[in-house]
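The values are calculated or read from the model by the stated rules, or taken from the named source; none is laboratory data. Since the model is a prediction, treat every value here as computed from it, not as a measurement. With ideal geometry, Cβ positions are generated from the backbone for all residues, glycine too; neighbour counts draw on all protein chains shown. Quick note on the areas: whole protein, heavy atoms, side chains included, nothing else; ligands and nucleic acids left out. Shrake-Rupley method; radii C 1.70, N 1.55, O 1.52, S 1.80 Å.
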Amino acid sequence: MHERLPAALLALLLCASPALAAFEPAAAVAVPDEEESAEGEEGSETLNKNWVPGYQEVSGQAVNVSDGDLQATVVNGPLRPSCGYTPLEVTLHNPGPTPRTVSIRVDSHVSMGRAGVTTRQVEVGPRQRLSAWLPVPISGRGGMVRLDSLGASFRPFSFYSVDPVGQPVLVVGSEEAFQSGTKLPRVKDKPKLSVRFIAPGDAPRELAAYVGYPMVVVAGDVTALPADAWSALEAYASTGGYLVLLRPPRDVAGRLPLLARTSSGVSPNPYGFGRVRVCGKAEECGSGLLSDVNLMEEPERGHVGVVTPAGPPPSWQRGFGSSRHLLNDGEVPLVPGVQAPVGRFLFLITLFVLAVGPGGLALARRRGPVALLIAVPSVALVTCLAIVAWSVLVEGFSVHASRYSLTWLDRERDRAVTVGLGGYYANLEPAGVRVPAQAVLLGPGVDWDTQFPDADWTNGMVVSGGFLPSRTYREWGEVAVVPSRARLTVRREGQGLRVQNALGAPLAAGYVRSGGKLWRLPALADGAEGEATLAPASDDKMSFSELVAFPEPVKRRFSRVPWHTLNASLPEGGFAAKVEGPGPAPTSALEVELHEGLHFVHGRVDGP
């Protein structure tokens, strides 16, 4: 009995041990966690299985109006893309013998007010039918459409856009051509793709009509497309879009000059900042589209554009006075000092209160109430003048900006493919800015409280009011394919390499591969020449994304740039350069006081 007592006491102590007590519940909890994780994976698979591998057409509803011999049809309920603009189609038919000029105005609205005014003026020739496209900001789910022509008065009518069920896809071609090229079925519920079909002859001619869609499919004959419509589609692919050709032409390499390789139907090919799929077999093409859509549905890869400017925070976060609520998702502005100097203003206000409070009481006792009636307005005037003087002398009247961009320089065709970002703060709203047809301004995404600018799309995009509201920080993204004579020229001098900077901006750093060797570019002013130096062997492994030394907040806004397609080693005659200044994007014509300008150019040199 006594011999068993120590063993019993030892067992009792072990059972009461804190370490053992802490260990046993943890082990018991670990098993349910694993089971819950497995159940979560099964639930995710079940959720994915609920989606039907097919497409659903979003056809819209035609609204017909007419006055005299002029007829107009507006397709109401267009498919709303992921970002950018919803293309609203207005078809005009003039059966008469005289040309007619028609002005189209779209007033779009958001939940808290007006989103912006979109206008366009078109001329309809005798017995002509044409489609006019108006890019409406996606923040405006609806609004009013007004048509005006000399001698005609059309009744205004409302419009609305339709949210996609699956990924929004724009198809240039017929439904029969899309089905035969992909073998995807048409389904009723939970489709993978929400599709809008557009006749090839009526395809939009501006990049803005395509840029918001994560995928654009050309289902018919590419050669049947109008030349300017194909230029817009090629610009869409090169600036970050995903273009699919179901019936690729024989001269596909000539029509897609940035295409490095043409693997048919296996995987999408990198193309500038975007991708192109050249289809072969219909079954492979259809399954490839569905697999790419699965990637688009992942949260970290969700399509919101190749560049994502930060917008204002939600309305419930505003007014707290915290800098982290100045932009959405806790982002910080790219331009310093865009917040009001609250500390300095509070200091001036405190001095004003002391002057009119205890100071006024002391003045009234010494000099009487008449002196107080003179002193208080004088002190208030001095305080207001001090605040105004601070705003004028320190902030000035100019537009403060920080600009960043990535450019693919296509020297063979004298053009620049640019993806850019700008942060702006204007004390006084500027007059406006002009953007060409193959360039687009991208807002911060869907924000129901944000007012978008007024724009006229008669000849490209001419932005008037609302682009940069006074004393309000704004960010704008840009994608553009514009003509450019920028170049980097190199020539041999003995064993060395001489470089001339003709990029249109100061050259800060970079690399060029010539003669099978990697050379480091010198810092050069625009138009200057200098000697390149051989780069060390360690620099040969440097990727383009490592050369792009954007600040961390800027990198997050460029997080969807396909760096893997840009990180390949430089080919013979290729260069990657860092330049400074306002950059090559179309809005660089806007007069600003530049806080920071960082731009990176990728292309081929002129010379050996």
Using amide H atoms built in the peptide plane, which far-off residues or other-chain residues are under 5 Å from S484 H to H?
R415, A416
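I need the fraction of alpha carbon pairs in segment 178-280 separated by more than 21 Å, rounded to a whole percent. Don't skip to the answer; put the middle values down first.
Working: 1610 of 5253 pairs.
That fraction is 31 percent.
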Taking all protein chains in place and a 1.4 Å probe, what share, in percent, of the accessible surface of segment 147-267 do carbon and sulfur account for?
50
Using alpha-carbon coordinates alone, the radius of gyration and Dmax of segment 519-608 in Å work out to 14.7, 42
Taking all pairs of distinct alpha-carbon atoms in segment 369-515, Kirkwood radius in angstrom
19.8
Cα pair distances of segment 343-386 binned at 5 Å [whole percent]
5, 25, 31, 21, 12, 5, 2
Rh (Kirkwood, all Cα-Cα pairs) for segment 396-438, Å, reads 12.8
Return P(r) of segment 526-576 (all Cα-Cα pairs; 5 Å bins starting at 0; whole %; ordered from short to long distances).
4, 15, 21, 21, 17, 14, 8, 0
In the neighbourhood of R604 defined by beta carbon distances under 11 Å, the net charge of the other residues (Lys, Arg +1; Asp, Glu -1) is -1
What are the ³J(HN,Hα) values, in whole Hz, obtained from phi via the Karplus relation 6.51 cos²θ - 1.76 cosθ + 1.60 with θ = phi - 60°, for each residue of segment 486-495 in sequence order, with x given for Gly and Pro?
5, 7, 10, 9, 10, 8, 7, 9, x, 8
Between their Cα atoms, which of K190/K555; K192/K555; K541/K578 are more than 25 Å away from each other?
K190/K555; K192/K555
Once phi is turned into ³J(HN,Hα) by the Karplus curve 6.51 cos²θ - 1.76 cosθ + 1.60 with θ = phi - 60°, what whole-Hz value does each residue of segment 573-590 show in order, with x for glycine and proline?
x, x, 9, 9, 10, 9, 10, 10, x, x, x, x, 5, x, 6, 5, 6, 5
Taking amide H positions as placed 1.01 Å from N in the peptide plane, with prolines and chain starts having none, which residues 5 or more places from R277, or on another chain, fall under 5 Å of its amide H?
L243, V244, L245, N269
Amide H neighbours of A132 at under 5 Å, excluding residues fewer than 5 places away on the same chain, with H built from the backbone geometry, are V90, T91, L92
Give the relative contact order (percent, whole number) for segment 177-272; include only Cα pairs under 8 Å separated by 6+ residues.
26
Local electrostatic count, V548, Cβ distance below 11 Å [Lys/Arg +1, Asp/Glu -1]
+1
So what are the radius of gyration and Dmax for the Cα set of segment 116-162, in Å?
12.6, 37
Which three extents, in whole angstrom, do the alpha-carbon atoms of segment 438-522 cover along their principal axes, largest first?
62, 28, 22
Each label point is 7 Å from the Cα along the Cα-to-Cβ direction; what then is the distance between the points at A260 and A362, in nm?
7.6
Quick one: Debye curve from the C-alpha atoms of segment 109-199, no solvent, what's log10 I(q)/I(0) at q = 0.14, 0.23, 0.24 Å⁻¹?
-0.78, -1.21, -1.25
Please compute the per residue accessible area over segment 388-540 with all protein chains in place, 1.4 Å probe, rounded to a whole number of Å².
39
For segment 527-533, Karplus-derived ³J(HN,Hα) couplings (6.51, -1.76, 1.60; θ = phi - 60°; whole Hz; x for glycine and proline) come out as x, 8, 10, x, 9, 7, 10
Using a 1.4 angstrom probe with every protein chain in place, what is the largest-first accessible-area order of S405, S180, S131?
S180, S131, S405
